[in-house]
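Here is the structure we will look at, set down as structure tokens.
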């Protein structure tokens, strides 16, 4: 009996014929051996994800209808920036991989606002962090209606790897600045200097900024806290 070697060099169906050795009561036999093309499964890319996010499910059927199993079977974080998923299917002609990216979460930073005095006009809470993560605040605007400390929480918009952040904004009670009275002066006298710090340590500016003795009369000077 002769032996034959099967060739898988190319796609197709080959008929192999078995011929019995002479002197045996047997007929010839044939075997058809099929060699299929290697098929590459295609999949919709998963990710990227943020660390701690809930990942998608690895499909057991490819976009071009090839079924199989994954190894690992679920998305398991291998390191901070990459997952390597292998698709293996025994007895079928294909093999595929999917790389799924997992990004680190960014710690958001903001420039601190305040403190403010009761009734002061506050700044605007920024919708973009200093490190370029966008989102919204709760409460959305700063209130200076009453004294106290309020916590404002920033939540990143979807699709960004940023953690929530908080900002505590202080509203202080208003303090009336006190000053030592200047004057009265004579016309043409050299006046004193308006102090930029009150007796109770509040800094600010005056309007008008300097005292004039050019003419007789009473002038009001207004101090505005910085």
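Observations on the model:
- Three principal axis extents of the chain based on alpha-carbon atoms, in descending order, are 147, 31, 24 Å.
- Alpha-carbon centroid distance for the pair region 102-132 / region 157-226, whole angstrom: 27 Å
- Computed extension length for residue 18-residue 107: 24.8 nm, one decimal, from 0.36 nm per residue of separation with the Cα-Cα distance subtracted.
- A Gaussian network model of the chain, with springs between Cα atoms under 10 Å, assigns the largest mean-square fluctuation among 31, 98, 167 to 31.
- Taken along the Cα-to-beta-carbon direction at a fixed 7 Å, the label points for residue 185 and residue 157 span 5.7 nm.
Readers should treat all values here as calculations from the given coordinates under stated rules, not as data from a laboratory. Note that the coordinates shown come from a computational prediction; the quantities given were computed from them, not determined experimentally. Please note: Cβ atoms are built from the backbone with ideal geometry, for glycine as well, and neighbour counts cover all protein chains shown.
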